[in-house]
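One structure below.
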Amino acid sequence: MTDNGHLSGEFFINGDVACAEGAISAGCRFFAGYPITPATEIAERMSRRLPVVGGTYIQMEDEIASMNAILGASWAGVKSMTSTSGPGFSLMMENIGLGVMLETPCVVVDIQRAGPSTGLPTLVGQQDVMQARWGSHGSYEIIALSPDSPQHMFDLTVKAFNLSEKYRVPVLIMSDEVVGHMSEKVVIPEISAADLIYRKMPQIGSGPYHPYKADESLVPPMAIAGQGYRFHVTGLTHDESGYPAMTAAAQDRLITRLVDKIKTHADDIILYDEYMTDDAEIVVCAYGITSRIARYAVKLARQQGIKAGFLQLITLWPFAERRVRELASRVKTFIVPEINRGQIVYEVERCSCGKARSLSVPHSGGDVHKPETILAAIKECHA
Amino acid sequence: MPDHEGNGHSIIAKYLRQDRLPHIWCPACGIGPALNCFLRAIDKSGLDPDKISVISGIGCSGRVAGYVKLDSFHTTHGRAIPFATGLKLANPELKAVVFSGDGDLAAIGGNHLIHAARRNVDMTVICINNFNYGMTGGQVGPTAPYDVRTSTTPYGNFESPFNLPLLLYASGATYIARWTVLHLHQLENTMTEALLKPGFSFVEVISPCPAVYGRMNKEPEGLDSLKSYEKRSIIKNGADPKDVGITQNGPIIVGKFIDVDRPTLHTNLAVVAERAKKQVKNS
Ligand SMILES: Cc1ncc(C[n+]2csc(CCOP(=O)(O)OP(=O)(O)O)c2C)c(N)n1
Ligand code: SF4
Ligand SMILES: [Mg+2]
């Protein structure tokens, strides 16, 4: 263990544990959660690790409380996280919206299982990805990442904290049961303060503090409780002072900024990976656990002489709109396998603007796609 | 309520966001006097105001967070307590005060209320009990006495209310008191004590809502409710919480009911953190 409490070296751990270690490495020192398969191992790891590194773990009475507790902790100046799966994610929705409205950095992990309702508690799904985007009421933008391995769980959890602190927004890690429960080698690097981002704070002596007055970055500096600013924040529509402002004009001004602070920084936020897309006529687009199978299916297709390529969405939201648009202008077909009955495929279709065809390879959940299923879809498009 | 030396005004100036006035409350609403007592209690407590955070949910009572000149958080309906729990646990130097209504705290937020009391989180909860949902136009709430009229019980309330002190006692709160807004002096002292009490303290404030609850229950003027409180209140410090339930026309028992000591969540967490560090060092 290093001085600042995070592990470094090589480990053989599952995705949930890697996520917890990513949080510790990112400086997370508050975790509130409620047990749920297949995310429980994150909470258990945090309950073991946080007291040792000077942090606080608490099991709340439900996921609504957990979500609010991490918002409160963040306003006390401490990086905070919660983890859950579908049923708990649904309960968190209203207060993810509060996090967006108060511009509160925090990280929410959803280890997706198959639903709706209690569904298949122990088996995989990727069915909450549209909920991640639209689940809280109102108009807003959010950031969501999709890891494909325990190593990715570690790396993207660190990334999630950095993005949430930089843009003052809850960041969602949309993982799944297979990634959460699979064990693989995870390399945890030495992490120094230089690798970590902490929210911009108000400059003392720069005049009266307006909690929601932003510069051209559109992200306002954030005071924390107890510093003497005596600020007010509210989930009501508010102006730069933080006070309620009950007009359509104030609403437009606030919501436009909340949306634009993510949209105008899309290039900084959006991560994707590509394989053999240069001359591809068919591009398989996938995320999370499905991307590992899709990549393999593309490899098989290439062996059979088919010009197939692969686009892995690492950032789900904001959507990699520009890249999909570029590819759409020169590929014939996108194939989108996902462990749901078609969600991200509609985004791909939207961004293709009719220039390329989009084909869904749906799966109701419970296990992952077979490579042959994706390969068959590629061959069908090729024929 | 300035005293003869004008101190009241300076307290208002110190702790009230005067740039937010006029406030949204109806004339003769009980929330104003309760807030006045709260500001005086803050002053009296000697706590560093820079370290006090006020957290509210949603409702007329929940608007208090918007008027206090302190770090203040207006959260979502029912969720002030878990928000405050996270804030307090993350920085134990802060004093967390939740100020909200009966519906917010005991209906939609009821689960959080009992769990915070059970954990004995260091937190003061001030509950404005006006027996209904004022903000949304006077619907029945979890403290509305049997048979009262509200906008959703036009033929009389067919449910029974929570006796909040009993609920909080059973849940483990270490300080429980109730006053009406007639008892300004006692309320101020009680709030001061509650603010300084380690662990979970709960202050119930029986408060008129003339605009909606009063109008539907033969107390259309704020004064009508105050007169009724005067007639019905009985001061009984140390009363057994099981004996303080409120009915439509029966007595309103007020006073400090519970003041006991129990290790707080924070002290228990510190013990566990020490143990964790030792175990890891030895392994
Ligand atoms: C999730 C949710 N449900 C319902 C509402 C509507 N609502 C706003 S205030 C309120 C009741 C408030 O009652 P109480 O806490 O007693 O406060 P009072 O207005 O009486 O002071 C309700 C139901 C809401 N804001 N959020
Ligand atoms: S509706 Fe009732 S509780 Fe709300 S401000 Fe008016 S009198 Fe007060
Ligand atoms: Mg009420």
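No value in this document is a laboratory result; all are computed from the given coordinates. Keep in mind it's a predicted model, so treat the numbers as computed, not measured. Cβ sites come from the backbone with ideal geometry, for glycine too, and all protein chains shown count toward neighbours.
Extent along the principal axes, Cα only, for the range A:1-81: 36, 29, 15 Å, with the longest axis given first. Using θ = phi - 60° in the Karplus curve 6.51 cos²θ - 1.76 cosθ + 1.60, the 3J(HN,Hα) couplings for the range B:220-228 round to x, 9, x, 4, 4, 5, 4, 4, 5 Hz; x is entered for Gly and Pro.
If we sort B:144-151, B:118-125 on the protection proxy, mean other Cβ atoms within 10 Å, highest first, what's the order? Mind dumping the intermediate values first?
Details: B:144-151: 19.0, B:118-125: 23.4.
Ranking the peptides B:144-151, B:118-125 by packing returns B:118-125, B:144-151.
For the range A:273-382, the Cβ-based charge dipole about the Cα centre amounts to some 160 debye (Lys, Arg positive; Asp, Glu negative; other atoms uncharged). Put simply, the amide H of A:Ser83, placed in the peptide plane, has neighbours under 5 Å in A:Tyr34, A:Val109, leaving out anything fewer than 5 places away on its chain. Calculated mean residue ellipticity, 222 nm, the protein assembly as shown: -11000 deg cm²/dmol, from DSSP H runs (n ≥ 4) at -39500 (n - 2.57) each, averaged per residue and rounded to 500. Whole-Hz Karplus values for the range B:176-185 come out as 9, 9, 9, 9, 9, 6, 6, 8, 4, 5 Hz, taken residue by residue from phi with 6.51 cos²θ - 1.76 cosθ + 1.60 and θ = phi - 60°; glycine and proline positions read x.
Each of B:Val260, A:Val186, A:Val361, B:Val64 was scored by other Cβ atoms within 10 Å of its Cβ. Listed from fewest to most, they are B:Val260, A:Val361, A:Val186, B:Val64. State the Cα centre-to-centre distance between the range A:144-161 and the range A:274-302 in whole Å. If we compute the Cα centre of each part, the gap is 20 Å. What does the charge count around A:Phe11 come to, taking other residues whose C-beta lies under 10 Å from its C-beta (Lys +1, Arg +1, Asp -1, Glu -1)? Computed value for this residue: -2.
FRET efficiency for the A:Asp252 to B:Glu230 pair, using the beta carbon distance and R₀ = 51 Å, is estimated at 0.55.
For the range B:101-107, putting each phi into the Karplus relation 6.51 cos²θ - 1.76 cosθ + 1.60 with θ = phi - 60° gives couplings of x, 5, x, 4, 7, 10, 9 Hz, in residue order, rounded to whole numbers and with x for Gly and Pro. Under 22 Å of direct C-alpha separation, and excluding same-chain neighbours fewer than eight residues apart, A:Lys166 reaches these lysines: A:Lys79, A:Lys200, A:Lys213, A:Lys261, A:Lys263.
In chain A, Cα pairs under 8 Å separated by at least six residues give a relative contact order of 16 percent. Relative to the Cα centre, the charge distribution of chain A, modelled as +1 at Lys and Arg Cβ and -1 at Asp and Glu Cβ, gives a dipole magnitude of about 520 debye. Going from the fewest other Cβ atoms within 10 Å to the most, the residues A:His210, A:His363, A:His369 appear in the order A:His210, A:His369, A:His363. For the protein assembly as shown, the share of DSSP beta bridges that are antiparallel, to the nearest 5, is 25%. Taking 0.692 mPa s as the viscosity and 37 °C as the temperature, the Stokes-Einstein diffusion coefficient of chain A based on its alpha-carbon Kirkwood radius rounds to 154 µm²/s.
May I ask which of B:Lys51/B:Lys277; B:Lys95/B:Lys277; B:Lys44/B:Lys197 have a Cα-Cα span longer than 19 Å here? Check vs 19 Å cut-off fails for B:Lys51/B:Lys277; B:Lys95/B:Lys277. For A:Cys285, the residues whose amide H sits under 5 Å from its own are A:Leu311, A:Ile335, A:Val336, ignoring neighbours fewer than 5 places away on the same chain, with H placed 1.01 Å from N. Return the percentage of antiparallel bridges among DSSP beta bridges fully within chain A, rounded to the nearest 5 %. Percentage antiparallel, nearest 5: 30.
For peptide A:218-231, the mean count of partner chain Cβ atoms within 10 Å of a residue's Cβ comes to 4. Students often forget the sequence filter, so: which lysines lie under 19 Å Cα-Cα from B:Lys242 once same-chain residues fewer than 8 apart are removed? Output for B:Lys242: B:Lys256. Counting only Cα atoms, the range A:278-382 measures 31, 29, 20 Å along its principal axes, largest extent leading. Per-residue shielding of B:67-74, expressed as the average number of other chain Cβ atoms within 10 Å of the residue Cβ, stands at 6. For peptide A:71-82, the mean count of partner chain Cβ atoms within 10 Å of a residue's Cβ comes to 6. The amide H of A:Gln112, built 1.01 Å from its N in the peptide plane, has A:Ser175, A:Asp176, A:Glu177 as neighbours under 5 Å, considering only residues 5 or more places off or on other chains. Considering only B:Ala270, B:Cys60, A:Ala114, the residue lying farthest towards the positive end of the dipole of the protein assembly as shown is B:Cys60, judged by Cα position with unit charges set on Cβ.
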